Amino acid sequence: MTDQLGRDIRHLSLGPKIALNGNGDRPRDSTIASAGDAADIFDLYGSDDANRESWRSSTGQRDSTIGVAYGSPSKHPAQVQRESEVSWSGPMNLLGNHNEEEEEGRARRWSDKPDISITGVTPTSASYMYDQEQEYHENGNGKEYGKKDSMVSSTSSQDPSRLSPRRPTSSSRYTNGTGNGNENGSMSTSTSISEIGNRSNGSGSVSVAGSGSSQYPGEEDDAFMIRNTYARLEKEGVHGDGWDQGIERTRGGPSIGAGKRATVYPATKTGDIGEQERQFLASLDRYGFVNEPLRNRSETRVALIPTAPLSKIPKLPSISPLAGKPPVEPNSTFNPSDGSGLSPRIPPSTPNTEDERVKRREFDRVDKWGKMMSIKKRDQGGNITQWDWSKEGTAKLRKRVYKGIPDRWRMAAWWTLAEGLTREKGKGKGKESEQSESDYRNTLDLPSTFDVQIDLDVPRTISGHTMFVTRYGAGQRNLWHVLHCFSQVCETCGYVQGMGPIAATLLCYFDPARAYTLLVRLHDTYGMHDIFQPGFPGLLEAFYVQERLMEWLMPDLYQSFQRNMISSSAWGTKWYITLFVNTVPFSQQLRLWDALWLDGSDVMIVTSLAILWAFRDLLSSPKATFESILSLLSSYFVAEDEDALMRWIRKVVGQPETKNKMTFWREEWKSLVEHGKSGSALL
């Protein structure tokens, strides 16, 4: 396969001609990444000569060497010098002097209809990549280049000592663009993110090309290949971004795309879109999701949150109704459910008249929010970068947030609420938002031990949204970059799967640097550090507070869970770790997040309580079983009336006695953990 790849690449050189060796082959170095790069960009549709010649004639028979990862640490200086004439700055910068015939052919190339080159490549195993690379060695007759075939296995077969560091250590030898090691560029683990980013471009540090990255010492080959692929595609783009599923490049994909790669050339300025793209865009709802109600849900059922129970707002009693009573004895026998138990109602299809009513109501609120917010800061170009609340906005903020922030104001409001709560609590690293955004840019090209796992999770995160439907499209690339950088923020938390849906939601409204900054705010200020860290101590604390609220407000439900041995971790983990992403519709999730940015993590606990309160009759019924309870609580919940749900949450969160009790129970949980008594404190 690599021999065929080498012959194909020779036909596509844009740069200066390089003399062939004695065998008629062009001598060139090749790393794992550069082989993938070349295959991505230059392979042809199919493998027959007719297709190759047809493609060459349509492009004016121009040659190219774009896609080769120069400056790799494995390259010898002489080889880099020979290839340094070619730049990543783009094909147009490489054309240099040309005659009229070349100009005419070039004009045809950039204006022709086919902007995509789909290439047939020999399929390879998902666990192995074969790379024919140059080996620079020294024998008795002097130095020479020799070829060797190397097989690189997956990370599971690598030496554990080669795990890539989240931070380069002082013992690491950094390489510059020529591949020469330089110990003067080493950095200790205490070096700040900004310092690492600033020094990564200097002499003696890792060189990062505009369309690719250099491999760090100790970085796994699979992790480097993934990181390099995302960096390169950030410059090239992919076919059908925003509507086509795309093609897998970094791991085993569907058989329909096996062995094919795609490369996007500069788009034409005709403005026309294909019929397939037009139909896909027409199928999207207002938030960018495929407009198929309750589409392909993996949950066992879809449940309608009834409005009637939410009309009653509970008040916390002075003492628990179960105080002094022994726990309920659990059922000694478990029988399969016969399906005769009570079931929740199925949500009906939303009528168009209801959608129009919601749109009109939100439109009326836009002007009100415009008066609530005032401009705080602009950048040099006059663009607004910071907002603040006006006097009118401060007085009516809480009520209007729970009524729902208009979607066009959501980006400004979320950012302002998060910055305000960060200043109020005084938690976190104490960094300004500009510093966090700088940290994001400086960690983009640093290796992370979680890169492979993040790449596995990205394509299955909110895949029904137009931003994330295309493999390696702009949305998936931004998501991978944000998670890649965030995994380096906290050595304790690293990366967990729940971070993906949260980051994807933020990317629907913010650029990657600001989405990263808000993830840091959630981690530092909103208590997600305790949720994400090993052992999930924050999650267990939330369960304890939630169960105390159940015991005090819904004693019959609490006893039903005791009787059927229902633990909170069996159904509530997903709710808290993902902040209700994929548990409720996106529009409902956004309104929950509106309240979250204002009132903090208490909103998530009270939201869980609201769902339990709404289904209290079913969950505490004598007919309720272990199976029926877990089936209901694993549902995809659709509120019959979102306003009624948010009103219930606002009033419960706003009760001073409830907030004080929740604070007390948090301290009580910490005391139980400290004395080793937490194991028996949960259901």
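The values are calculated or read from the model by the stated rules, or taken from the named source; none is laboratory data. Computed from a predicted structure; not experimentally measured. Glycine gets a Cβ as well: all are built from the backbone with ideal geometry, and neighbour counts include every protein chain shown. Side chains included, ligands, DNA and RNA excluded: accessible areas come from the protein's heavy atoms. Shrake-Rupley method; radii C 1.70, N 1.55, O 1.52, S 1.80 Å.
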Item checked: Per-residue ³J(HN,Hα) for region 230-242, Karplus 6.51 cos²θ - 1.76 cosθ + 1.60, θ = phi - 60°, Hz, x for Gly and Pro -> 5, 5, 5, 5, 4, 8, 8, x, 9, 5, x, 4, x
Item checked: Note, ³J(HN,Hα) from phi for region 515-523, Karplus 6.51, -1.76, 1.60, rounded to Hz, x at Gly and Pro -> 4, 4, 4, 5, 4, 5, 5, 4, 5
Notebook entry, point to check: Size of the dipole of region 395-530 about the Cα centre, Lys and Arg at +1 and Asp and Glu at -1 on the beta carbon, nothing else charged, in debye to 20?
Noted result: 900
Next item on the list: Within region 541-555, which residues have the backbone N less than 12 Å from the label spot 7 Å out from Ser680 along Cα→beta-carbon, could you tell me?
Entry: none
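Mind jotting down a quarter of the surface of the convex hull over the alpha carbons of region 395-530, in square nanometres, one decimal? Kindly include the intermediate steps, with their values, before the conclusion.
On the way: hull surface 35.2 nm².
Its average projected convex-hull area is 8.8 nm².
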Item checked: Net charge over other residues, Cβ less than 11 angstrom from the Cβ of Asp643 (K, R count +1; D, E count -1) -> +2
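Rounded to the nearest 0.05, what FRET efficiency do Asp367 and Gln435 give with R0 = 35 Å and r taken as the Cβ-Cβ distance? Could you check? Let's see the in-between values first.
Working: r = 35 Å, r/R0 = 0.99.
The computed FRET efficiency comes out at 0.50.
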Next item on the list: Please name which of Met550, Leu645, Ser678 has its Cα lying farthest along the dipole of region 537-680 towards the positive end, using unit charges on Cβ (Lys, Arg +1; Asp, Glu -1) and the Cα centre as origin.
Entry: Ser678
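Please go through the residue pairs Lys623/Lys661; Lys312/Lys403; Lys312/Lys651; Lys371/Lys399 and name each one whose alpha carbons sit more than 21 Å apart in this structure. Intermediate results must be reported in sequence, preceding the final value.
Numbers: Lys623/Lys661 32 Å; Lys312/Lys403 18 Å; Lys312/Lys651 11 Å; Lys371/Lys399 15 Å.
Table pairs above 21 Å Cα-Cα are Lys623/Lys661.
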Checklist line | For region 537-680, size of Cβ-based charge dipole, Lys and Arg +1, Asp and Glu -1, in debye | finding: 160
Item checked: Residues with amide H under 5 Å from that of Lys376, placed H, sequence gap 5 or more -> Gln386, Trp387, Asp388
Margin query: I need the calculated FRET efficiency for the pair Lys651 and Arg278, taking r as the beta carbon distance and R₀ as 41 Å, to the nearest 0.05.
Written below: 0.35
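Sort Asp445, Asp451, Asp364 by accessible area with a 1.4 Å probe, largest first.
Of Asp445, Asp451, Asp364, the descending order of accessible area is Asp364, Asp445, Asp451.
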Margin query: Just to confirm, what accessible area per residue do you get for region 465-614 at 1.4 Å probe, in whole Å²?
Written below: 20
Item checked: Only Lys, Arg (+1) and Asp, Glu (-1) charged, at Cβ; region 624-665 dipole about Cα centre in debye -> 340
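With a 1.4 Å probe and all protein chains left in place, how much of the accessible area of region 537-680 comes from carbon and sulfur atoms, in whole percent?
Numbers: 2470 of 4820 Å².
Ligands and nucleic acids excluded, carbon and sulfur reach 51 percent.
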Margin query: Within region 395-530, what whole-number % of the accessible surface is contributed by carbon and sulfur, with the 1.4 Å probe and all protein chains included in the calculation?
Written below: 48
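Given a Förster distance of 25 Å, report the FRET efficiency between Lys574 and Glu491 from their Cβ-Cβ distance, rounded to the nearest 0.05.
0.50
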